Amino acid sequence: MPQPVPRPPARPALFAERGCAVPFTAPLLAGARLRRQSPEPAELLLPGPGGTEVVAWDACLARRAPSLHDRQLWARISQQERPTPALIRAAAREVAWLGYAGRPAQAAALTAQRQQEAVRDVVREALAKAFGEEAAAGALLGPMVAILAQAGVGHDQLAQSPPTAAIPQGIVALQAFCASIAAFAQSAPGQAERRAASIALSAARMTLPKADACLAALWAAVAELPPGPARQAPQPAEVLPKLAALAARAEWLLDGWPMLGALWASADPAERGVLLAEMLSMLPVLPREAEGWAEDPPQDAPWDTLLRARDAVLPGLPEMPAGMWMARHEALRALVP
Amino acid sequence: MRLLGGQTRRLHQALQQGQDHGAGRVLGLLEGLPVVPERPMRLAQLLFLPLEGAVGAAQGLPSFPRAAIPATTALVARHLPALAAEVEAAAPWHGLADHAVVAGLGARLWPAAGQALRDGPPDGWTAPGLTPETVLPALKLASALWRRAVPLWQASLAVNPSEAVLRTTLASLAAEGPAPLAAGMAFLLRNAARPGLVASLATRLAPELAAMAEAALAARLAAEVACLAECDHAAAMAATAARLAVLLAEPEADAPAARQALVARLRREAAQACHGHYATALAARLLAPATRAAAAPPADDATVAMLEATARDLCGLEAAGRELGQQAEFERRREEALRRLARLAGNPAGLSRIELARLAEILAGPEAGLALLV
């Protein structure tokens, strides 16, 4: 008989341990995160009433009724050696583009894909201008374009309304979420709702400045590269790992928030109090790894206090007919392609 | 939503304007309109909500004369002026369907009114057109019901109230006397989700209520099943069927044989009605349009959205209907539909194979969808 997998700690040490948020649409896979610690097979982490549960995919197939969309998504992501938020986003977009989450999600995936290609073009053009056409054909700019396709090349991205690259989009969405939930926390009628809202708000506020700082550092690192012809350009091995790490940090920090933001924004205002319990159960908890990534802003509460407070307000997933749940989450796929 | 007279007139004028200008004005008017509830929560309405079972009650049941409502409301307002003013101020914006507001204000109003009138009305008080012999016992009944109105109201709202909750509520009414128990029982028989259990529990407390309880229960259950005939949409029928599955739950072992037979008959009728609607809607609103869409050039987004919404509603109706009965018939219809979708998926045109698989998934679960893709 297989040994039960121990529950992971409430606050993970590493992002890889926390896993990547996976936008499954089946109700029994709500809030799933995927992690793969090679050479182990991929595992799913699912929020439950007693904490996070670690489940193998075979068990999910038998007991958690994945949708057609979920099977397709799993087929694409479970083989990834090192799953990242960007890779999962790309896979989810592909599945939505094929039509497995309905027509609105399909159209949104197509638009998002075009937007990303446009960002790539802008990035390629900007880098070619800075480093010269010769360098554009060299070993440096191709990988840089791939890295910056999720980030854009500067503050113009954040000035756009709405931004077109994924990371600035995530930051703007998280800012909007903070503003909306702060307003809710002030006007909510019940004490339990106000407390739940302030927990979600604190978690978002502790994440946002770090993501913002990582993105700013990435743009600054690109801007500081010495311009000029190819022979003076920096060597890829000197530059690319740093840029890739900064982009990845921003991605990991934001992972899971766009879906929560869309869930909150699309909810009927009258139902937001109930929604908070669900959102708290899926709260993207910042791993200890992120502590040194950016100067910590003034915090409402440190993470361990926040998690204790969260457990005290009894987070939980709502009971909803499967069809209604899937429709709601397919609608989210259209909002966060 | 109900519009006030002037608003209706302005809306009418705006609609008669030129198309663009008029549409803009209509939108502007609609955005600025307050929503007027269908049943406004005036003081009298809120006060007498827990007395629904007693106001104008059938002969034999303790009753509160309708004609005494204005004078009694004025009397309560005189005792509780601040609370009365608060309710009247909220009335234009809230209706009796705003359960949270009703519960919040009721929790303050009802017990206070019950206490204020515990010792009866002041000397010389009269209700126009009614004799003291009629109005004084009615006032005593109202006062007792108001004192117990909070748990009574909560029990009437619960989706599936427990036996303990209903027993405690009825016992607290019995402590006030036989008339409050009978009137509270009548209220719960009209409104609670488990009226059969209410009848059984009340009869255990006061066996003389048995005939009244069974008659009121039979009337309520028949009326609820009749609601199915008014549902012209699968989603509405599913919601009604889900309510009926609780209402028509297996009666307690000690329930009278006549009630056991009545519930069994009504369950059968309700299940047949649900299955009949399911079969008709499945053919006419899902399979026929899906077949048309599949045969034509690529279907537009609105058609696909309509088909998926219909499949979702039908899935809900099947789940609710099966709780009442006719499981084999539902199963047979669903399998037929899946075979039909599979045939369409064999030669996809206007709807892609994935879209047809999604319809099967929405209608019957992911395994059914998967079968169309392998």
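Every read-out reported here was derived from the displayed coordinates using simple, explicitly stated rules and does not represent laboratory data. No experiment lies behind these values; they were computed from the predicted model shown. Cβ coordinates were reconstructed from backbone atoms using ideal geometry, including for glycine residues, and neighbour counts include every protein chain displayed.
Brief remarks on what is shown
- Rounded Å value of the spacing that divides the Cα centres of region B:235-307 and region B:85-111: 36
- Pair-distance distribution of the protein assembly as shown: all C-alpha pairs, bin width 20 Å, starting at 0; shares per bin in whole percent are 14, 36, 35, 12, 2, 0.
- A straight chain from B:D254 to B:A89 at 0.36 nm per residue would run longer than the Cα-Cα distance by 54.6 nm.
- Applying a DSSP loop filter and a limit of 15 other Cβ atoms within 10 Å to the chymotrypsin sites (Phe, Trp or Tyr not before Pro) in region B:92-183 leaves B:W93.
- Theoretical FRET efficiency, 1/(1+(r/R0)^6), r = Cβ-Cβ of B:V159 and A:A107, R0 30 Å, to 0.05: 0.20
- Inter-label distance for A:D311 and A:Q191, nm, one decimal - labels placed 7 Å from Cα along Cα-to-Cβ: 2.2
- Loop-resident sites, region A:81-126, for GluC sites (Glu not before Pro), counting at most 16 other Cβ within 10 Å (DSSP): A:E81
- For B:Q115 and B:R39, the difference between the fully extended length at 0.36 nm per residue and the C-alpha to C-alpha distance is 24.7 nm.
- The string of couplings for region B:98-111 from the Karplus curve (6.51, -1.76, 1.60, θ = phi - 60°) is 7, 4, 5, 5, 4, 5, x, 6, x, 4, 8, 6, 4, x Hz, one whole number per residue in order, with x for Gly and Pro.
- Förster radius 25 Å - calculated FRET efficiency between A:E319 and B:E331 (Cβ-Cβ, nearest 0.05): 0.55
- Helical content alone sets the calculated 222 nm signal of chain A at -18500 deg cm²/dmol, taking -39,500 (n - 2.57) per DSSP H segment of four or more residues and averaging over every residue.
- Mean Cβ neighbour count within 10 Å, used as a protection proxy, ranking A:10-16, A:184-190 highest first: A:10-16, A:184-190
- 3J(HN,Hα) from dihedral phi, region A:248-261, Karplus parametrisation 6.51/-1.76/1.60, rounded to Hz, x for glycine, proline: 5, 4, 4, 4, 5, 4, 7, 4, x, 6, x, 5, 5, x
- Chain B: calculated mean residue ellipticity at 222 nm from DSSP helix runs of at least 4, using -39500 (n - 2.57): -22500 deg cm²/dmol
- Approximating the spin labels as points 7 Å out from Cα along Cα→Cβ, the A:S78-to-B:A226 distance works out to 5.6 nm.
- Partners of A:K210 within straight-line reach, counting lysines whose Cα lies under 29 Å from its Cα and excluding those fewer than 8 residues away in the same chain: A:K242.
- The amide H of A:S67, built 1.01 Å from its N in the peptide plane, has A:T25, A:A26 as neighbours under 5 Å, considering only residues 5 or more places off or on other chains.
- Take each residue of peptide A:66-72, count the partner chain Cβ atoms within 10 Å of its Cβ, and average: the result is 5.
- For A:309-322, mean number of other protein chain Cβ atoms within 10 Å: 1
- If only the Cβ of Lys and Arg carry +1 and only the Cβ of Asp and Glu carry -1, the dipole of region A:15-335 around its Cα centre is close to 440 debye.
- For B:F64, residues with placed amide H under 5 Å, excluding near neighbours: B:V55, B:G56, B:A57
- Relative frequency of Cα-Cα separations exceeding 37 Å in chain B, percent: 43
- Cα-based helix-to-principal-axis angle, B:327-346 vs chain B, degrees rounded to 10: 40
- Region A:184-212 and region B:124-200: distance between their alpha carbon centers, rounded to Å: 43
- For peptide B:316-322, the mean count of partner chain Cβ atoms within 10 Å of a residue's Cβ comes to 1.
- Model label points for A:A270 and A:D121, set 7 angstrom from Cα along the Cα-to-Cβ axis, are 4.6 nm apart.
- Residue-wise HN-Hα couplings along region B:84-89, as the Karplus relation 6.51 cos²θ - 1.76 cosθ + 1.60 with θ = phi - 60° gives them from phi, are 4, 5, 5, 5, 5, 5 Hz; Gly and Pro carry x.
- Measure of compaction for region A:15-335 (Cα Rg per 2.2 N^0.38 Å): 1.02
- B:A296 long-range amide H proximity, modeled H, under 5 Å: B:G350
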